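In what follows, a structure is listed as structure tokens, so that the remarks can point back to it.
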Amino acid sequence: MTLLIVLVVAAAAAWYIQDRQRPGAGSSAAAEARRLRTPLVRLADLAGIQTAAGGRARNFVAGAVGEKATARLLRTLEREGWVVLHDLALPYGDANVDHLAIAPTGRVSVIDSKFWAGDYEVHVRGTRLFHGKVDVDDRLDGLRYGTRTVARLLGCPAHPVVSMHQAPVRGDGVSVGNIRVIPAENLCARLRAVARHPGHTETQAALAARAKQLLPSYGSNR
């Protein structure tokens with residue numbers, strides 16, 4: 001009985017401490033994982049009991065890991081003069097943008113981080129995205145919506161990219177409509193290439209100021 005009480009207290013303390021985490025890359029995914037991993041779910045995890053909420057929480061944790069890994073890659077571009085913002089809240093609902101990168105030329109890229117199992121290849125069949133034999137095209141819907149919203153709010157074209165961690169991507173990347181899915185290690189090179197053709201006349205400073213005003217950090221308004 002004493003051991004059970006200790007485990008419950010430990011689970012509750014961990015839940016409280018993690019809930020105090022600062023905004024940043026992966027904050028919305030981590031917040032959803034914390035919401036799902038209540039003290040009772042944490043206790044079940046400690047006891048080796050599988051729960052639906054625990055499984056969903058692990059998926060969100062993996063998402064947060066991918067976002068943090070992408071953020072580390074994007075630091076290279078920040079040193080080159082890019083403006084990079086992470087985990088931005090969209091105006092309606094709980095939707096968010098994982099990363100927004102604005103090149104010195106003013107080119108805007110909306111980046112979605114994915115951290116999928118490395119046992120299966122990511123490829124396109126017809127017009128849809130697959131992970132191994134599983135159709136996962138609907139997992140791009142958030143990026144599609146986020147890209148349209150960013151383009152409307154900033155008043156300029158936005159380039160959607162998936163930064164894929166762990167799962168291999170066929171060739172050097174695949175295209176699904178206007179979305180490019182690439183291995184994470186190729187992300188910065190891809191963004192630099194796209195940035196050569198901004199397609200509009202807005203300056204980086206003007207776009208960055210508008211983005212910071214209209215797309216606040218997820219954690220700052222939750």
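Nothing in this text is a laboratory measurement; each read-out follows from the coordinates by a stated rule. Because the structure is predicted, anything quoted here is derived from the model rather than measured. Cβ coordinates were reconstructed from backbone atoms using ideal geometry, including for glycine residues, and neighbour counts include every protein chain displayed.
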task = Taking 7 Å along the Cα-to-C-beta vector as the label spot, tell me the Val134-Arg75 distance in nanometres, rounded to one decimal.
result = 3.1
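Of all GluC sites (Glu not before Pro) in the stretch 67-130, which ones are in loop regions per DSSP and have a Cβ with at most 15 other Cβ atoms within 10 Å? Can you show the working numbers first?
Numbers: sites: Glu67, Glu78, Glu80, Glu121; in loops: Glu80, Glu121.
Within the stretch 67-130, the qualifying GluC sites (Glu not before Pro) (loop, at most 15 other Cβ atoms within 10 Å) are Glu80, Glu121.
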From the C-alpha gyration tensor of the stretch 144-212, square roots of 5λ in Å = 25, 13, 11
ask   = Once the Cβ-Cβ distance between Arg196 and Arg170 is put in as r, and R0 is 30 Å, what FRET efficiency do you end up with, to the nearest 0.05?
value = 0.75
inquiry  = Only counting other Cβ atoms within 10 Å, I'd like Val136, Val161, Val194, Val122 sorted with the fewest neighbours first.
reply    = Val136, Val194, Val122, Val161
ask   = Per-residue HN-Hα couplings for the stretch 131-146, Karplus 6.51 cos²θ - 1.76 cosθ + 1.60 at θ = phi - 60°, whole Hz, x for Gly and Pro?
value = 10, x, 9, 9, 6, 10, 4, 5, 6, 9, 4, x, 5, 4, 5, x
key: Phi-based couplings in Hz for the stretch 106-113 (Karplus 6.51, -1.76, 1.60; Gly and Pro marked x)   = x, 5, 10, 10, 9, 10, 10, 8
request  = Provide the gained length on full extension for the span Arg210 to Glu121, in nm with one decimal, where the gain is 0.36 nm per separating residue minus the Cα-Cα distance.
outcome  = 28.3 nm
query = Residue by residue, what Karplus-based ³J(HN,Hα) values in Hz, rounded to whole numbers, does the stretch 203-211 have, using 6.51, -1.76 and 1.60 with θ = phi - 60° and x for Gly and Pro?
reply = 7, 4, 4, 5, 5, 5, 5, 5, 4
